[in-house]
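Each reported figure results from applying straightforward, stated rules to the coordinates on display, with no laboratory input. Treat the numbers as computed from the prediction; the structure is a model and nothing was measured. Note: ideal-geometry Cβ built from the backbone for every residue, glycine included; neighbour counts use all protein chains shown.
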Amino acid sequence: SAHRTPTRLDEYAKHAEKSGFKVIIAGAGGAAHLPGMIASHTIIPVIGVPIMVYNDKQQKKSESHKFSAFGGLDSLLSISEMPSGSPVVTVGVNKASNAAIYALKILANESNMIKKKLRTHKIKQHKSVLKESEDLKKMGLRKFVKKKFK
């Protein structure tokens, strides 16, 4: 918690710089101040991942209604609306995988191996989309949806 342990957060940010970290991914829900607080304590790029918070204190609500009232939008806005001078790159709600890919893009500036792996990943994504398109054409919408979402 950025608010409950600010000294620890400051120590972490300083340790990250001394240890040579190139990028930090910070996930946070609710008020979601962790990514911004880290960014305010370091010059290392910070990627914020807004998290849809599960509230287990809502005993009487059904499982589907135990998430925060705003569905992660509160976290998204908190992380993305940083003041000038303390930016945080923000990805979509619960999109930690996009944060990881973006972090790899930052690291790829210094690593040809990472560049190569990212290019391979993009090619695989492209081929996957083409295959799904072909499957849809062959099967028709009803069968395609049934197979994809069974």
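Some points to look at:
- Cα-based convex hull, the chain, per residue volume (Å³, whole number): 155 Å³
- Rounded to the nearest 20, the size of the Cβ-charge dipole of the chain about its Cα centre is 1260 debye, with Lys and Arg at +1 and Asp and Glu at -1.
- When you restrict to C-alpha pairs under 8 Å that are six or more residues apart and normalise by the size of the chain, the relative contact order lands at 20 percent.
- Violating pairs (Cα-Cα greater than 27 angstrom) within the set Lys95/Lys116; Lys115/Lys147; Lys22/Lys115; Lys115/Lys146; Lys105/Lys127; Lys105/Lys150: Lys115/Lys147; Lys115/Lys146; Lys105/Lys150
- For region 111-150, the convex hull drawn through the C-alpha positions has a volume of 53 cubic angstrom per residue.
- Neighbour-count ranking [beta-carbon atoms within 10 angstrom, fewest first] of Arg119, Arg142: Arg142, Arg119
- If R0 is 35 Å, the Cβ-Cβ spacing of Asn112 and Leu136 corresponds to a FRET efficiency of close to 0.45.
- Stretching Asn98 away from Ile43 to a fully extended chain increases their span by 17.7 nm, per 0.36 nm per residue minus the current alpha-carbon distance.
- Residues Lys124 and Lys148, FRET efficiency given R0 of 25 Å [Cβ-Cβ distance, rounded to 0.05]: 0.90
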